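**Student:** Let me give you the structure first, and then I'll get to my questions.
The values are calculated or read from the model by the stated rules, or taken from the named source; none is laboratory data. All of these numbers come straight from a predicted model, not from anything done at the bench. Backbone-built Cβ (ideal geometry, glycine too); neighbour counts: all protein chains shown. Heads up: the accessible areas ignore ligands, DNA and RNA and are worked out on the full protein's heavy atoms, side chains in. Shrake-Rupley method; radii C 1.70, N 1.55, O 1.52, S 1.80 Å.
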Amino acid sequence: MDSEGPRTLPLPAPAGPSRGEEDPSRVHAARRRRVGERMGDAALVLAAGGLQTRSNDTEHRFRVDTNFHYLSGLEEPGAVLILRPLRTPALTLFVPEQSERDAIYNGPRPGLEALRQQIGADAAHPLAALEVELPRLLDGLDAVYLPLGGGPSCEPAVRAAIETLRARERAGEVAPECLRDARGLLGEERMVKDAGALACLRRAIEISGEAHLAAMRATRPGLFEYEIAAVIEGHFLRRGTGPGYTSIVGAGANATVLHYIANRGPLRAGDLLLVDAGAEWALFTGDITRVWPVSGRFGPAQRDAYEVVLAANEAGIAAATIDSSLDAIHEVALRRLCEGMRALGLLTASVDEIREKELYKKYYPHRTSHWLGADVHDLGRYNLRGVARPLAAGYVLTVEPGLYIPADDASAPPELRGLGIRIEDDVLVTAAGPEVLTAGVPKRVAEIEALLGA
């Protein structure tokens, strides 16, 4: 690469809407309207984020801030969006001006007017004008919403604008008196998936499932974990996208490490292979975990342990109904796992004692579910006033119980040591019951062995 060569820009954006899909610009406008209805006479200030240095003068591939993209669809490094639903202009966009040098190395970027029209903004300015324009846009408002901690933020610029307004009080300007965390506001908007979100999620999950099937077919003893990762992520690229998170490909005892991402180990005959990988589409992410035998068939002890996790997975999915909760799903799946731990000889206490004394955490240290959407661990409160949030139609969540038995666990039966098993599905809550969005990826023993044998 040239010493002053190309910086890393986003993957090409997915093409426009397919047949039956809604125009993305209308989807984003509807989201802004819904958010605006919750805001009152306030401003929402969101930053797209900037390029992050990878080493010396090269950058990581740009990944726009999720909330910024959720409301705009733009992927412009350095851009800022200001929404004022009860004022004019209601939507204002700020974008860095591109230098001639940047255009030579990285190609031309869309101009201000093109971007303004693309999202339907009322006004657009160069980013350099933010310091002057922001006090005008905040003057007289009750509050300002912005992310307070975590991710890109314009908080310093907002605080400077408020101080500018306070200094001009004698001239009749009024500074907002309240800063509010936008993550709660936007998390509530993102909880119920609109038609655009569901279309993107289904596409991401479809691509993710295809990649898992390709990985199953490619598996054989003698390969390395990174070769399976290459199959998975190569499929993502062939479908015009990339991973929504770092792929986990763990063979043998590596699967007992929850977030194992080294992906350097060998695939040995007789081992199980755990793959936790998902593609993203327009920033919406699939999240699938499957486990299969490297040699094509489960051993007897492996099958017994696998069936325990599968029973917990299916019980958890069945509990993903309206007015249930992630706590309820966890409790149902956990009880199946505790029963299984006794049956497998991992623990000898009663199921109730295993549960009450949390003895299970030795082999199952994590929760069973999380929200899924425009981030793999999506925004949205898990508890409301200290009570587990009731599920509602349109929520999407994972169900992912597991068993992780360390290779050096002398108290475990020898044939179970070094086994890591997790089965994860993506589930849409509907009035008719849970819809398993990942149903196309086999998880029953006979199905997996048939696919591997083929």
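**Student:** When the Karplus curve 6.51 cos²θ - 1.76 cosθ + 1.60 is applied with θ = phi - 60°, which whole-Hz ³J(HN,Hα) does each residue of the stretch 221-226 get, with x for Gly and Pro?
**Tutor:** Those phi angles translate into x, x, 7, 10, 3, 5 Hz.
**Student:** With a 1.4 Å probe and every protein chain kept in, tell me what percent of the accessible surface of the stretch 306-454 is carbon plus sulfur. Display every interim value, and only then the final one.
**Tutor:** Details: 3180 of 6150 Å².
Heavy-atom surface of the stretch 306-454 belonging to carbon and sulfur, 1.4 Å probe: 52 percent.
**Student:** Give me the percent of the accessible area of the stretch 16-145 that comes from carbon and sulfur atoms, probe 1.4 Å, all protein chains in place.
**Tutor:** Numbers: 2890 of 6380 Å².
On the stretch 16-145, the fraction of accessible area on carbon and sulfur atoms equals 45 percent.
**Student:** Moving on. If you average the C-alpha positions of the stretch 96-164 and of the stretch 359-374 separately, how far apart do those two centres end up, in angstrom?
**Tutor:** 39 Å
**Student:** Pull up all non-local amide H partners of residue 370: gap of 5 or more, or a different chain, and H-to-H distance under 5 Å with H placed in the peptide plane.
**Tutor:** 398
**Student:** When the accessible area of the stretch 198-292 is computed with all protein chains present and a 1.4 Å probe, what percentage of it is carbon and sulfur? Spell out each step's value before the answer.
**Tutor:** Values: 1860 of 3340 Å².
Carbon and sulfur atoms account for 56 percent of the accessible area of the stretch 198-292.
**Student:** Let me ask something else about it. When the Kirkwood radius is taken over all Cα pairs of the stretch 298-454, what Stokes-Einstein diffusion coefficient follows at 25 °C and 0.890 mPa s, in µm²/s?
**Tutor:** Estimated diffusion coefficient is 149 µm²/s.
**Student:** Same structure again: In whole Hz, what ³J(HN,Hα) sequence does the stretch 57-73 give by Karplus (6.51, -1.76, 1.60; θ = phi - 60°), x for Gly and Pro?
**Tutor:** With coefficients 6.51, -1.76 and 1.60, one gets 10, 10, 10, 5, 4, 5, 10, 5, 4, 4, 5, 4, 5, 4, 9, 10, x Hz.
**Student:** Probe of 1.4 angstrom, ligands and nucleic acids ignored: what's the accessible area per residue over the chain, in square angstrom?
**Tutor:** Details: 20140 Å² over 454 residues.
Counting only protein heavy atoms, the per-residue value for the chain is 44 Å².
**Student:** What are the extents of the Cα atoms of the stretch 24-105 along their three principal axes, listed from largest to smallest and rounded to whole Å?
**Tutor:** Cα extents, longest axis first: 45, 22, 22 Å.
**Student:** Please sort 330-337, 435-442, 43-50 by packing, taking for each peptide the average over its residues of neighbouring beta carbons within 10 angstrom, highest first.
**Tutor:** Working: 330-337: 21.2, 435-442: 18.8, 43-50: 23.1.
Going from most to least packed, we get 43-50, 330-337, 435-442.
**Student:** For the stretch 260-310 and the stretch 397-454, write down the distance between their C-alpha centroids in whole Å.
**Tutor:** 8 Å
**Student:** Between residue 101 and residue 61, 0.36 nm times their residue separation minus their Cα-Cα distance comes to what?
**Tutor:** Details: separation 40, 0.36 × 40 = 14.40 nm, distance 1.91 nm.
Going from the current span to full extension adds 12.5 nm.
**Student:** Among (1) 1.07; (2) 0.99; (3) 1.02, which one is Rg/Rh (Cα atoms, Kirkwood Rh) computed from these coordinates?
**Tutor:** Comparing each candidate, only (3) matches the computed number.
**Student:** Can you give the calculated 222 nm mean residue ellipticity of the chain, where each DSSP H run of n ≥ 4 adds -39,500 (n - 2.57) and the sum is split over every residue, rounded to the nearest 500 deg cm²/dmol? Intermediate results must be reported in sequence, preceding the final value.
**Tutor:** Details: 13 runs with 161 residues, N = 454.
That comes out to -11000 deg cm²/dmol.
**Student:** Sticking with this one: With charges set only on the Cβ (+1 for Lys and Arg, -1 for Asp and Glu), what does the dipole of the stretch 110-266 come to about its Cα centre, in debye to the nearest 20?
**Tutor:** Values: 17 positive and 20 negative charges, 148 e Å.
Magnitude of the dipole: close to 700 debye.
**Student:** Can you tell me the dipole magnitude for the chain around its Cα centre, using point charges on the Cβ only (Lys, Arg +1; Asp, Glu -1), in Debye to the nearest 20? Walk me through the numbers on the way to the answer.
**Tutor:** Numbers: 51 positive and 62 negative charges, 84 e Å.
Computed about the Cα centre, the dipole is about 400 debye.
**Student:** Name the residues whose placed amide hydrogens come within less than 5 Å of the amide hydrogen of residue 279, ignoring near sequence neighbours (fewer than 5 apart) on the same chain.
**Tutor:** Correct list: 208, 244, 286.
**Student:** Working out 0.36 nm times the residue gap between residue 155 and residue 237, then minus their Cα-Cα distance, what length gain in nm do you get to one decimal? Show your work: numbers first, answer last.
**Tutor:** Working: separation 82, 0.36 × 82 = 29.52 nm, distance 3.56 nm.
Additional length available on full extension: 26.0 nm.
**Student:** Quick check: from the Cα gyration tensor, does the stretch 221-267 come out rounded (a/c under 1.5), prolate or oblate? All intermediate terms of the calculation are to be shown ahead of the outcome.
**Tutor:** Numbers: a/c = 3.63, a/b = 1.56, b/c = 2.33.
Oblate, because a/c is 1.5 or more while a/b does not exceed b/c.
**Student:** Right, here's the next one. Assuming a ≥ b ≥ c are the square roots of the Cα gyration tensor eigenvalues, decide whether the stretch 137-195 counts as rounded (a/c under 1.5), prolate (otherwise, with a/b larger than b/c) or oblate.
**Tutor:** Details: a/c = 3.74, a/b = 2.21, b/c = 1.69.
Here the stretch 137-195 falls in the prolate category.
**Student:** Does the stretch 193-323 classify as rounded, prolate or oblate by the C-alpha gyration tensor (a ≥ b ≥ c root eigenvalues; a/c under 1.5 gives rounded; else a/b over b/c gives prolate, otherwise oblate)? Could you put the intermediate results ahead of the total?
**Tutor:** Working: a/c = 2.29, a/b = 1.26, b/c = 1.82.
Oblate is the answer for the stretch 193-323, as a/c is 1.5 or above yet b/c matches or exceeds a/b.
**Student:** Across the stretch 347-358, in residue order, what do the Karplus-derived ³J(HN,Hα) couplings come to in whole Hz, using 6.51 cos²θ - 1.76 cosθ + 1.60 with θ = phi - 60° and x for Gly and Pro?
**Tutor:** Going residue by residue, I get 9, 10, 5, 5, 4, 5, 5, 4, 6, 5, 8, 6 Hz, with x marking Gly and Pro.
**Student:** So what is the relative contact order for the chain, in percent, with contacts set as C-alpha pairs under 8 Å and at least six apart? Could the numbers behind the result be given before it?
**Tutor:** Values: 918 pairs, mean separation 60.4, N = 454.
Relative contact order of the chain: 13 percent.
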